[in-house]
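Peer 1: Attaching a single structure in structure tokens format; questions to follow.
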């Protein structure tokens, strides 16, 4: 099992659990955490035992965003540009490319780049007392780490712009109402319910779930005809999988399928 400086990586019943582990800084992102998260996602992506990924934060918060302590003295514009492109871009791309479902279990606050991390995941489970916050404008910055891309696709331009420029904390209930969260659960049950959900998805046909993820990403950026053609290409891969044959046999034999993720 890989070991990292700033995250905990565990494998539980085909679920890779990645826990951001800088609780004394509310899991704020510094260079080490960005590096470890990317490595953790890449390891999970390449491990055939992993069929679902769960991301959460240690302590009282999911992720407070960028650790401003690493920007001492005040950085130049070029340094900020380099950090965003070299750190956030590959991390968010790794989540998007992952051919497995990725769940964020949001405890406490997910702010700034931490909110971007949660929104990059395919599904979001939030504790009832958790919240999201696009805090960038509060210190006169532009949303980054993919925030503009994820947020506008989740809630539409008008609402996304309002969230970004007002910089208010959005409670879990409101996140659920506007589509930023899939489910809300009691805070004390967050970890248990999140792991159970991830384990359930890990028993689903992993290849089909990954291909469905990529089909929907494609559909967000392309027209109907292109989306149908892309679906056909992905369906060709799905039909050739062992899980498809198992699904058909289980249907014929009137039993539950036993998918193997391939």
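The values are calculated or read from the model by the stated rules, or taken from the named source; none is laboratory data. Just so you know, these numbers come straight off a predicted model, no measurement behind them. Every residue, glycine among them, receives a Cβ derived from its backbone with ideal geometry; neighbour counts consider all protein chains shown.
Peer 1: Any idea which of 247, 210, 179 is touching a residue at least 12 places away in the same chain (Cβ under 8 Å), within 23 Å of residue 95 (Cα to Cα) and not assigned by TED's automatic domain parsing to the domain that holds residue 105? Break it down into steps so the answer makes sense when it comes.
Peer 2: On the way: 247 fails: within 23 Å of residue 95 (Cα to Cα); 179 fails: not assigned by TED's automatic domain parsing to the domain that holds residue 105.
It is 210.
Peer 1: Which condition breaks for residue 138 when tested against (1) assigned to a loop (DSSP other than H, G, I, E, B); (2) out of contact with any helix residue (DSSP H, G or I) (no Cβ under 7 Å at 6 or more places or on another chain); (3) more than 23 Å from residue 33 (Cα to Cα)?
Peer 2: (1)
Peer 1: If residue 231 satisfies all but one of (1) assigned by TED's automatic domain parsing to the domain that holds residue 133; (2) over 19 Å from the mean Cα position of the chain (by Cα), what's the number of the condition it fails?
Peer 2: Failed condition: (1).
Peer 1: Still on this structure, I have one more. Could you pull out every one of the strands (runs of 3 or more DSSP E) wholly within region 1-87 that has 1 or more residues that are without any contact (Cβ under 8 Å) to a residue 12 or more places away in the chain? Don't jump to the end; show me each part of the working.
Peer 2: Values: elements: 7-12, 15-20, 52-57.
In region 1-87, 7-12 are the strands (runs of 3 or more DSSP E) which contain 1 or more residues that are without any contact (Cβ under 8 Å) to a residue 12 or more places away in the chain.
Peer 1: Taking the condition under 28 Å from residue 48 (Cβ atoms), modelled with pLDDT of 95 or more, more than 22 Å from the chain's Cα centre (by Cα) and not assigned by TED's automatic domain parsing to the domain that holds residue 120, does residue 215 pass? Reasoning before the result, please.
Peer 2: Working: under 28 Å from residue 48 (Cβ atoms): yes; modelled with pLDDT of 95 or more: yes; more than 22 Å from the chain's Cα centre (by Cα): no; not assigned by TED's automatic domain parsing to the domain that holds residue 120: yes.
So residue 215 fails the test.
Peer 1: Restricting attention to region 98-120, which residues are assigned to a loop (DSSP other than H, G, I, E, B) and closer than 14 Å to residue 201 by Cα? Walk me through it before giving the result.
Peer 2: Here is the first cut: in region 98-120, the residues assigned to a loop (DSSP other than H, G, I, E, B) are 98-101, 107-108, 112.
Of everything in region 98-120, those that are assigned to a loop (DSSP other than H, G, I, E, B) and closer than 14 Å to residue 201 by Cα turn out to be 99, 100, 101.
Peer 1: Between a first residue in region 96-119 that is at positive phi and a second residue that is assigned to a strand (DSSP E or B) and modelled with pLDDT of 95 or more, which pairs have beta carbons less than 8 Å apart while being 6 or more apart in sequence or on different chains?
Peer 2: 108/57; 108/127; 108/131; 112/133
Peer 1: Another question, if that's okay. For the list (1) surrounded by fewer than 17 Cβ atoms within 10 Å (Cβ to Cβ); (2) over 22 Å from residue 113 (Cβ atoms), I need the number of the one condition that residue 207 fails.
Peer 2: With respect to (1) surrounded by fewer than 17 Cβ atoms within 10 Å (Cβ to Cβ); (2) over 22 Å from residue 113 (Cβ atoms), residue 207 is out only on (1).
Peer 1: Sticking with this one: Filtering region 141-157 down to residues that are touching a helix residue (DSSP H, G or I) at 6+ places or on another chain (Cβ under 8 Å) and part of a helix (DSSP H, G or I), which residue is surrounded by the most Cβ atoms within 10 Å (Cβ to Cβ)? Please lay out each step first, then the result.
Peer 2: Residues of region 141-157 touching a helix residue (DSSP H, G or I) at 6+ places or on another chain (Cβ under 8 Å): 142-148, 150-155.
With the extra rule that they be part of a helix (DSSP H, G or I), the set shrinks to 147-148, 150-155.
Values: 147: 25, 148: 18, 150: 22, 151: 23, 152: 16, 153: 15, 154: 17, 155: 18.
Result: 147.
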